[in-house]
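A.B. asks: Handing you this structure, nothing more for now.
The values are calculated or read from the model by the stated rules, or taken from the named source; none is laboratory data. Keep in mind it's a predicted model, so treat the numbers as computed, not measured. Virtual Cβ from ideal backbone geometry, glycine too; neighbours counted across all protein chains shown. Only protein heavy atoms, including side chains, enter the accessible area calculation; ligands, DNA and RNA are left aside. Shrake-Rupley method; radii C 1.70, N 1.55, O 1.52, S 1.80 Å.
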Amino acid sequence: MPGKANVAALSDLATPWSLRVVATLGVAEQMAGGIEEVGELATKTGSDAESLARVLRHLVGQGVFEEPGEGRFRLNEAARVLLEPGPLRGFDLDGHGGRIAGAWSGLLSAVRTGKPTYETVYGRPFWEDLEANPQLAASYDSLMGYEGAGVPDPDVLLHDDWSSVRRVVDVGGGTGGMLAEILKAHPHVQGTLVDLPRTVERSGEIFEAAGVADRVQVSGQSFFDPLPPGGDVYLLARVLLDWSDEPATQLLRGCAEAAAPNGRVVVVGGVSAGAAASRAGLLLMVLNGGRTRNFTQFTAMAAAAGLKVTASGENARGRFVVEATPQS
Ligand SMILES: C[S@@+](CC[C@H](N)C(=O)[O-])C[C@H]1O[C@@H](n2cnc3c(N)ncnc32)[C@H](O)[C@@H]1O
């Protein structure tokens, strides 16, 4: 149990917001380029010098950045993390990160009503908001891709039995990073990327760069519409968790129908062996009504969708994977 002092520290909003502000302004990048004086940092980042200094000084007090002399700030080890690709890219308040940060203000309402509150905060449900804001959608897509999520783990089959797989259909595969890694690792495999039209539009250069473009088909569509048939593997990577039980079951049913009779459905992300992960689940509660699920909950949902779980466990990198086949 946290003591009194911990609760005060844990509930502090100044630090998370300050980190997002410096990330949005690109302050760390300027420092990496050799600029230390706060006036110059402010000019380069389009900000007010005194206000920027106050934010940086707060962060210095929290162990992020150093102030070696009055009004001079520089990177330390903790601050250098802001330069790395990865989830911290999601701190950009001008992009998807800003939407996420603001959406947390709906947590109280989500708890009171049991419904996602993104719409209350921004006027439209989560997916509609992305549809209506192309820049936001691009920022979301890039965070889901290499820039935010890093190089995906292509090890999505538990028993490494790729020899019988001819086609992988990556359902909700974003801009194609995961499919590109799978096809690179398995040169005999063909791939189909299914995602919304605006998202698959961005996949071309990723497949070209990976040297797999000649083995990919792309289907810009809703994954709630009939899926391309004929795949051996229908992959749902970090997708099911975005949806409440009814649409998630519908999505699984669509995969089961397309995979029948001999294909399988593989789920990575959002299902865990034991208790469902809490932090990601909380955000989903606010954003879109999605949820993480434990194995028992997933198995029941799969059965309702006409799927039988055939294998589950951790892959070589410790990610929990579930495989299911259409019930005959
Ligand atoms: C959390 S991302 C996961 C992306 C990718 N599978 C990965 O692991 O990086 C969820 C994906 O679902 C897609 N998506 C959401 N609603 C969709 C719909 N109705 N039809 C097709 N794709 C959809 C989004 O565009 C996004 O790419």
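A.B. asks: Once you keep just the Cα pairs under 8 angstrom separated by 6 or more residues, what percentage relative contact order results for the chain? If you can, show how the numbers build up before the last one.
C.D. replies: Numbers: 580 pairs, mean separation 42.0, N = 328.
It rounds to 13 percent for the chain.
A.B. asks: A follow-up question, please. Take every Cα pair under 8 Å in region 247-328 that's 6+ residues apart, average their separations, divide by the length, and report that relative contact order as a whole percent.
C.D. replies: On the way: 130 pairs, mean separation 32.1, N = 82.
Over region 247-328, the number comes to 39 percent.
A.B. asks: Quick one: Kirkwood hydrodynamic radius for region 43-189, alpha-carbon pairs, angstrom, one decimal?
C.D. replies: Values: mean 1/r = 0.0526 Å⁻¹.
One over the average 1/r among Cα pairs gives 19.0 Å for region 43-189.
A.B. asks: Once you have the alpha carbon radius of gyration of region 151-326, what is it after dividing by 2.2 N^0.38 Å, with N set to its residue count? List each step's numbers first, then the result.
C.D. replies: Values: Rg = 15.0 Å, N = 176, 2.2 N^0.38 = 15.7 Å.
That works out to 0.96 for region 151-326.
A.B. asks: Quick one: Cα centre-to-centre distance for region 64-128 and region 237-299, in angstrom?
C.D. replies: 25
A.B. asks: How large is the accessible surface per residue of region 151-326, computed with a 1.4 Å probe and reported in Å² as a whole number?
C.D. replies: Values: 7450 Å² over 176 residues.
Per residue, region 151-326 has an accessible area of 42 Å².
A.B. asks: So what J values fall out for region 122-129 if you push phi through Karplus, 6.51 cos²θ - 1.76 cosθ + 1.60 with θ = phi - 60°, rounded to Hz, Gly and Pro as x?
C.D. replies: 10, x, 9, x, 3, 5, 5, 5
A.B. asks: What residues qualify as long-range amide H neighbours of Leu307, i.e. H under 5 Å apart, gap of 5 or more or another chain, H built at 1.01 Å from N?
C.D. replies: Gln327
A.B. asks: Hey, another quick one. In what sequence, largest accessible area first, do Arg112, Arg54, Arg124 appear using a 1.4 Å probe?
C.D. replies: Numbers: Arg112 185, Arg54 155, Arg124 95 Å².
Descending order: Arg112, Arg54, Arg124.
A.B. asks: Accessible area per residue, 1.4 Å probe, Å², for region 87-146: what's the number?
C.D. replies: On the way: 3230 Å² over 60 residues.
Dividing the accessible area of region 87-146 by its residue count gives 54 Å².
A.B. asks: Sequence neighbours fewer than 8 away in the same chain don't count; with that in mind, list the aspartates and glutamates whose C-alpha is under 14 Å from Lys308.
C.D. replies: Counting by Cα, and skipping residues close in sequence, Lys308 has these aspartates and glutamates nearby: Glu257, Glu323.
A.B. asks: Volume per residue, Å³, of the convex hull around the alpha-carbon atoms of region 87-146?
C.D. replies: Details: hull volume 4.9 nm³, N = 60.
Residue-normalised Cα hull volume stands at 82 Å³.
A.B. asks: Also, quick follow-up: Compute the normalised compactness of region 4-83: alpha-carbon radius of gyration over 2.2 N^0.38 Å, N being the residue count. Show your work: numbers first, answer last.
C.D. replies: Working: Rg = 12.4 Å, N = 80, 2.2 N^0.38 = 11.6 Å.
Compactness ratio reported: 1.07.
A.B. asks: Please report the carbon-and-sulfur percent of the accessible area for region 4-83; probe 1.4 Å, protein heavy atoms only, DNA, RNA and ligands left out.
C.D. replies: 52
A.B. asks: Among 234-240, 129-135, how do they line up from the highest to the lowest mean number of other beta-carbon atoms within 10 Å? List each step's numbers first, then the result.
C.D. replies: Details: 234-240: 25.3, 129-135: 14.9.
Highest to lowest by the protection proxy: 234-240, 129-135.
A.B. asks: Determine the share of region 87-146's accessible area contributed by carbon and sulfur atoms, expressed in whole percent, with a 1.4 angstrom probe. Kindly include the intermediate steps, with their values, before the conclusion.
C.D. replies: Details: 1790 of 3230 Å².
The C+S portion of the solvent-accessible surface of region 87-146 is 56 percent.
A.B. asks: In a Gaussian network model over the chain where Cα atoms closer than 10 Å are linked, find which of Thr249, Thr45, Thr199 has the largest mean-square fluctuation.
C.D. replies: Checking each option, the largest mean-square fluctuation is seen for Thr45.
A.B. asks: Also, I was wondering about something else. How big, on average over all directions, is the shadow cast by the Cα convex hull of the chain, in nm²? Please list the in-between numbers first.
C.D. replies: Values: hull surface 75.6 nm².
Over every viewing direction, the Cα hull of the chain projects on average to 18.9 nm².
A.B. asks: On each of the three principal axes of the Cα atoms of region 134-176, give max minus min coordinate, whole Å, ordered largest first.
C.D. replies: 40, 18, 11
A.B. asks: Going Cα to Cα from Lys184, which aspartates and glutamates come in below 13 Å? Please leave out same-chain ones fewer than 8 positions away.
C.D. replies: Within the straight-line limit of under 13 Å, Lys184 reaches these aspartates and glutamates: Asp153, Asp155, Glu208, Asp214.
A.B. asks: Ignoring ligands, DNA and RNA, what percent of the 1.4 Å accessible area of region 151-326 is carbon and sulfur? Spell out each step's value before the answer.
C.D. replies: Values: 3820 of 7450 Å².
In region 151-326, the share of accessible area belonging to carbon and sulfur is 51 percent.
A.B. asks: Could you pull the accessible area for Arg264 with a 1.4 Å probe, rounded to 10 Å²?
C.D. replies: 30
A.B. asks: Can I ask one more? Of the options Val268, Tyr234, Thr310, report the single residue whose Cα projects farthest towards the positive end of the charge dipole of the chain (beta-carbon charges: Lys, Arg +1; Asp, Glu -1).
C.D. replies: Thr310
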